[in-house]
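J.: Structure in structure tokens, see below.
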Amino acid sequence: MGLRDAAKKLQHIFSIPAALLKRFWALPTVRFCVLLFAALSAAVPAATVFFVKISQNKKESRELPAISKAETKKIEDVEIFILEEPDFLPKALLKREPSAVWTSEKAQEYWIDPSLETDKEVLLNNVEKSIDKLLENVP
């Protein structure tokens, strides 16, 4: 079907005078719009098909190959988990055996009653000296 036939059908359907239709079609913008619409009508479906094919190819390339049970091996715990570090510090060495019950004679050796001490500064100095001695011996 040619342009003239299409123009005749439009003229018949819409009762457009032939002279007016010829002048309308003669405008360059009308021709450009019709050609653009025709090109887009063909290009959009073609582009859609093209991009669908590309996405299917990418999906197929991302799939992992099937692995049989014969090809798998057990992963050792050592490869997954970090091993516990060895304890560098020795266990606490007790100066005396622990006792569940204390007598006042035994406690006298390790205990100084601060309320009985008349000079609190002497007591504080003794405590500071023992703390300093303890901290100096720690590596």
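J.: Based on the Cβ-Cβ distance from Glu84 to Tyr110, what FRET efficiency comes out when R0 is 35 Å, to the nearest 0.05? Write down the numbers at each step before the final one.
T.: Numbers: r = 36 Å, r/R0 = 1.03.
For R0 = 35 Å, the calculated efficiency reads 0.45.
J.: Still on this structure, I have one more. Tell me which trypsin sites (Lys or Arg not before Pro) from the stretch 101-138 have a DSSP coil assignment and no more than 15 other beta carbons within 10 Å of their own.
T.: Passing sites in the stretch 101-138 do not exist.
Computed from the coordinates by the stated procedures, all read-outs in this text should not be read as laboratory data. Computed from a prediction, not measured in an experiment: that's the story for all the values here. Quick reminder, even Gly has a Cβ in these numbers, built from the backbone with ideal geometry, and neighbours come from all protein chains shown.
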